[in-house]
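Enquirer: I have a structure here, written as C-alpha cells, and I will follow up with some questions on it.
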Amino acid sequence: MAAALIEDEDVVVVRKTMDALLLPGETKVHWHGSSTERRPELVGVVAELPVCSIIVVHHDLGAADRRHRRKCLEYLLPTLAHMPCDQVALESRGTMDRSDLDILQKFRARKIITKPLRIDHIRGRAEPVLAVADVVCGAIVQHRVGNPGYLHTLGGLVDIIHII
C-alpha cells in the first residue's frame, strides 16, 4: 500500500498533471492497465511531482488482500497521524470501505491516534491524484519481481517499510 504525501498547495498541480496523462478512452490512470511502453512515462512524471511516498509492504504469503490492506493501514494511519497530515484519501472499494474507517475508529478509541485525521474514500476515476500511489505501488511490484528500473527512477521519493 502506498501513501503519496502531497502538500495542500501542490494538490491542484498534481491533479492536473495526472489528469493530463489520461489516454483516450481511459477513465483513470492505472498501472496494471498500462503497457510496458507507457510505464516509464508514468514513473517519470511521478518522479517530477512535488510528492514523496511511504510504501508499506505486508509479508504474509497466505493472507487475503483484505488482511494485507488492514495490516498496512495499521502501520500507515498512526504514522500519518504523527505527521502534519489531517486528511487521507483512499480509493474506494465500495462496501469494503467501512473496514478502513473501523481501523481508524479503533485507533481513536485506544488513543493511538488522538489528533483529527479524516479518511475520505473516493472513486479512482473521480480523483486523478490517487493514481500517484498506484504508479508508486506498480514500481514497487516491478522491483520485487526483478525489474528495479522504475523504483530507481523514483529514487529518494520513496520510503519502503516491510511488516510481517
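The values are calculated or read from the model by the stated rules, or taken from the named source; none is laboratory data. The model shown is predicted, which means the values in this text are computed figures rather than measured ones. Every residue, glycine as well, gets a Cβ built from its backbone with ideal geometry; the counts of neighbours run over all protein chains shown.
Enquirer: Please specify each residue of the stretch 86-98 satisfying the condition of being charged (D, E, K, R) and either under 20 Å from I6 (Cβ atoms) or not in a helix (DSSP H, G or I) (or both).
Expert: From the stretch 86-98, those charged (D, E, K, R) are 86, 91, 93, 97-98; that's our starting set.
Listed by number, the residues that qualify are D86, E91, R93.
Enquirer: Now for a separate question. Give A89, A47, A63, A2 a once-over and let me know the one that is in contact with a Cys (Cβ under 8 Å, 6 or more places away or on another chain), small (G, A, S) and surrounded by 13 or more Cβ atoms within 10 Å (Cβ to Cβ).
Expert: Only one candidate passes the filter, namely A2.
Enquirer: Here's another thing I want to ask about it. Identify the single condition in (1) β-branched (V, I, T); (2) within 30 Å of E9 (Cβ to Cβ); (3) exposed (fewer than 12 other Cβ atoms within 10 Å of the Cβ) that T95 does not satisfy, given that it satisfies every other one.
Expert: Here T95 clears every test but (2).
Enquirer: Additional query: Taking V141 as the residue in question, decide whether it is modelled with pLDDT of 95 or more and within 25 Å of S35 (Cα to Cα). So that I can check it myself, show each step before the final result.
Expert: Working: modelled with pLDDT of 95 or more: no; within 25 Å of S35 (Cα to Cα): yes.
It is false that V141 is modelled with pLDDT of 95 or more and within 25 Å of S35 (Cα to Cα).
Enquirer: Read through the list (1) free of Cβ contacts under 8 Å to residues at least 40 places away in the same chain; (2) within 21 Å of D8 (Cβ to Cβ), then give the number of the only condition that R123 fails.
Expert: Single failed check for R123: (2).
Enquirer: Might you let me know whether the stretch 139-158 holds any residue that is touching a residue at least 40 places away in the same chain (Cβ under 8 Å), closer than 23 Å to A81 by Cα and hydrophobic (A, V, I, L, M, F, W, C)?
Expert: yes
Enquirer: Name the residue, out of V46, V29, V51, V88, that is in contact with a helix residue (DSSP H, G or I) (Cβ under 8 Å, 6 or more places away or on another chain), under 24 Å from R108 (Cα atoms) and not small (G, A, S).
Expert: Just a single option satisfies the conditions, and that option is V88.
Enquirer: Could you list, in sequence order, all residues of the stretch 133-152 that are of a type in the set (V, I, T), out of contact with any helix residue (DSSP H, G or I) (no Cβ under 8 Å at 6 or more places or on another chain) and within 25 Å of V88 (Cβ to Cβ)?
Expert: V141
Enquirer: Restricting to the stretch 99-114, and then to whatever is surrounded by fewer than 11 Cβ atoms within 10 Å (Cβ to Cβ) and in a loop (DSSP other than H, G, I, E, B), can you tell me which residue is modelled with the lowest pLDDT?
Expert: T114
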